[in-house]
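The next block holds one structure in the form of structure tokens; read it before the comments.
The values are calculated or read from the model by the stated rules, or taken from the named source; none is laboratory data. The shown structure was predicted, so the numbers you read here are calculated from the model rather than taken from an experiment. So basically every Cβ, Gly included, is an ideal-geometry build from the backbone, and we count neighbours across all protein chains shown. Calculation scope for accessible area: heavy atoms of the full protein, side chains included, ligands and nucleic acids excluded. Shrake-Rupley method; radii C 1.70, N 1.55, O 1.52, S 1.80 Å.
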Amino acid sequence: MDQDDPGEAMAELQERHLGGLGILQVAAGTGLFAYTFWAGFLMPGFRRVPLKLQVPYVPSSRQQVENVLNVLRGRSGKMVDLGSGDGRIVLAAYRQGFYPVVGYELNPWLLQLSRFYAWRAGCAQKVSYQKEDLWKVNLADCKNVTVFLAPGVLPLLETKFLAELPNEARVVSGRFPLPSWEPIATVGEGLDKVWAYDIGLIRENMEMRETTFLQGTPV
């Protein structure tokens, strides 16, 4: 089943007699519903999150997923997707050899859709989707992190990443770059573009800038 084709997803759910609830889950996950409906009915978990930290769901395209995997090629270790939506990046990462792979998502409808896709792919016991506020997730053991989030939350994520991630971690941001950091690689164009950042290098650059500033400051 093509995850970008809502018609196929809905047809399969109908064949499996999952009823209106299952069809609604797929519709929510494939973009058939306007954001206003999603915000009003499909995001009860987000009502506990401050408005400025809420991020509307937009499914990743095939090209975006491919670009993410491109900048992670050759890497290993734990990978997490913050705001994992319908879970397609998590599944793709597992297929590329990452383990464990975890998607964190507050929206219960999207979690159910993610688990449906994982079950259909035969990966239900091999990937994990958790209902967890991404701001409360501890990233200390993560080597690879992907985010496809709104620009307004990215400065806060920079702070979180620096506080929690190990030096060997790589962060991949899709659609929008992290505002204060210099990427080590970019792939794609337009909305399909992704930016890769190595935490150890980011810290080194910050320390160098701080040292340069202090050396140039008159006593």
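Of everything listed in (1) in a loop (DSSP other than H, G, I, E, B); (2) closer than 20 Å to VAL65 by Cβ; (3) touching a Leu at 6+ places or on another chain (Cβ under 6 Å), the single unmet condition for GLY122 is (3).
Please verify whether region 141-152 includes one or more residues that are modelled with pLDDT under 95 and more than 13 Å from the chain's Cα centre (by Cα).
yes
In the set (1) at pLDDT 50 or above; (2) closer than 29 Å to ASP141 by Cβ; (3) over 14 Å from the mean Cα position of the chain (by Cα); (4) surrounded by 15 or more Cβ atoms within 10 Å (Cβ to Cβ), the condition left unmet by GLY97 is number (4).
Restricting attention to region 179-216 and to residues that are in contact (Cβ under 8 Å) with a residue 24 or more places away in the chain and of a type in the set (Gly, Ala, Ser), the residue that is nearest to VAL145 (Cα to Cα) turns out to be ALA196. Listed by first and then second residue, the pairs with beta-carbon distance under 8 Å, at least 6 apart or on different chains, first residue in region 108-132 and touching a residue at least 40 places away in the same chain (Cβ under 8 Å), second of a type in the set (Asp, Glu) and part of a helix (DSSP H, G or I), are ARG120/GLU12. Those strands (runs of 3 or more DSSP E) of region 134-217 in which 1 or more residues are open to solvent by less than 70 Å² (accessible area, probe 1.4 Å) and of a type in the set (Lys, Arg) occupy 170-174. Among residues belonging to region 62-94 that are under 26 Å from GLN112 (Cβ atoms) and surrounded by fewer than 16 Cβ atoms within 10 Å (Cβ to Cβ), point out the one that is modelled with the highest pLDDT. Looking at residues that are under 26 Å from GLN112 (Cβ atoms) and surrounded by fewer than 16 Cβ atoms within 10 Å (Cβ to Cβ), I get GLU66.
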